[in-house]
Structures are given as C-alpha cells and as structure tokens.
1. Regarding the stretch 164-180, can at least one residue be identified that is buried (at least 17 other Cβ atoms within 10 Å of the Cβ), touching an Asp or Glu at 6+ places or on another chain (Cβ under 7 Å) and under 24 Å from Lys55 (Cα atoms)?
2. Taking the stretch 29-54, which residues are surrounded by 13 or more Cβ atoms within 10 Å (Cβ to Cβ) and among the basic types (Lys, Arg)?
3. Looking at the stretch 129-178, which of its residues are closer than 17 Å to Asp191 by Cα and of a type in the set (D, E, K, R)?
4. Could you tell me which of the residues Trp200, Trp183, Trp124 is surrounded by fewer than 18 Cβ atoms within 10 Å (Cβ to Cβ) and either in contact with a His (Cβ under 6 Å, 6 or more places away or on another chain) or in contact (Cβ under 8 Å) with a residue 60 or more places away in the chain (or both)?
5. If you scan the stretch 82-112, which residues turn out to be of a type in the set (Phe, Trp, Tyr) and not in a loop (DSSP other than H, G, I, E, B)?
6. Take the residues in the stretch 127-140 that are over 17 Å from Ile67 (Cβ atoms) and aliphatic (A, V, I, L, M); name whichever of them is surrounded by the most Cβ atoms within 10 Å (Cβ to Cβ).
7. With the condition kept exactly as written, say whether any residue in the stretch 138-145 is among the aliphatic types (A, V, I, L, M) and over 21 Å from the mean Cα position of the chain (by Cα).
8. Given the conditions (1) in contact with an Asp or Glu (Cβ under 9 Å, 6 or more places away or on another chain); (2) at pLDDT below 95; (3) of a type in the set (Lys, Arg), and given that Lys98 satisfies all but one, which numbered condition is not satisfied?
Amino acid sequence: MKNSLVLLLTFVAFSTFAQRSLQTTTVTEVSHQYRVSLPMIIVPQLIEKSWNDRKHTQHIELHVKRILDDKNIIGVKLATWRLFQPMGILWWDGLLDKVKSESEFYPGHVREAGIGITYQRMLWKGLFATVEVLPQFKTYLDENKNKVGDGFKLYNSYHLGYHVAFGKNKRFFIEPQVHCQHWMFDTKAPDGFKQLDDQWRNYFLFEPNLYLGVNF
C-alpha cells in the first residue's frame, strides 16, 4: 500500500509539473527538434575490463528526446545493466571499499532492463532538472550464469545538471550532472540476493555523471 501511494504521488507530481510547465511557458522556436544522448560511463567499461569480468556492469543506456520548446523536453530511456552487489550501498557506507573487498557481492548477478520516460525542464540558461521513470524487468543469475529467478523494479532518478552545446549549429552537447535514484516494487528476489538487498537502502544519492549527445 505504501509503495502504491508513493508511485501514485510520483506520477501525479510528474504529470502536474509537466502540464503546468507547458501551460505557463511562452513557446519559443528551437533550432533542433530531437536529441540523442548516452552516459559516458559506458565508454571506459568497454575498454578497461573484459565484458565478463565479475565487476563489469555491462551498462548500456540510450536517451531519445523530443524538444518541445526552449524549456520542455520529453523522451524515452532505454537501459540495461548488470549488478554484482546491492545498489543501495552509499558512498559513506564504504561503497568503494566493499567493491574492493567483495564482501557484499551477490551469489551471481542481477540483470535489469527496461524502457521508461523522461521529462527535462530547462531552469536557467543551461541549468536543468530531469525526472526519469524506468520500469525494469530483472533476471537473477547464479555464479554459473544459470537463471535462478525473475523480478520487477520501478526505478526513478532525479537529475540536476548543465547543458553545454558546441560545434556547428550547436549540434553536439555535453551534460555534466549529479543524480539521485530511488526504486520500488523490488520483487521476487531469490533468498541469497534478498538477504543482501534487505541490509541496504532502496535509494542511492549523489551519483556524478556526464552525458554526451547530438541534436537533430
């Protein structure tokens, strides 16, 4: 019941904010209608580690957005990644130390994949805020990569960043940002996975990131 209420409030707030922004903003013609972007975290994982490394997240993520006007941008998010330990371990919990010691590693991996929606609001010059809602289907794999269960998670993220466009007609852009994540309905985890998840939070705070994209 609590999760359902939180979900309802999230969608109501998301819809209300988007609708109000669209109604109150003076529409300004923009030079591009669409943009495609991806997080730069993908790049080093493709060159620094073997794809099958125990700590490899196998992270693939793509954003396709429609620029409605100079203030409002909506989009679709496609993402998949692989977790080797609970996502709710924060920086001040000794996140990096736990990765190094492998003390909180799952008895295998969790593959999460989904398609979601995003709303980006330009606040002042290049400063922006973004809300992303991503339903995810989960596959639990043991250490031999055998499937041991399925699950579902509603993954939400909240971003604050700065949009910097460059190049001819400002076709290319980067977006340095920081974001916080929160997830609900984390269901049907096998015992070995659930025991670890229950020890940690269902949110992560202050993750830095850098997105690279192209305007069309």
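1. Checked against the condition, which is being buried (at least 17 other Cβ atoms within 10 Å of the Cβ), touching an Asp or Glu at 6+ places or on another chain (Cβ under 7 Å) and under 24 Å from Lys55 (Cα atoms), the stretch 164-180 yields at least one hit.
2. Arg35, Lys49, listed by residue number.
3. Of everything in the stretch 129-178, those that are closer than 17 Å to Asp191 by Cα and of a type in the set (D, E, K, R) turn out to be Lys138, Asp142, Glu143, Lys145, Lys147, Asp150, Lys153.
4. None of the others qualify; the one that does is Trp200.
5. Listed by number, the residues that qualify are Trp91, Trp92.
6. Leu134
7. Looking for residues that are among the aliphatic types (A, V, I, L, M) and over 21 Å from the mean Cα position of the chain (by Cα), one finds at least one in the stretch 138-145, hence yes.
8. With (1) in contact with an Asp or Glu (Cβ under 9 Å, 6 or more places away or on another chain); (2) at pLDDT below 95; (3) of a type in the set (Lys, Arg) applied to Lys98, the lone miss is (2).
The values are calculated or read from the model by the stated rules, or taken from the named source; none is laboratory data. In this text the structure is predicted, and so the values were computed from the model without any measurement. Ideal geometry is used to build each Cβ from the backbone, glycine not excepted, and the neighbour counts take in all protein chains shown.
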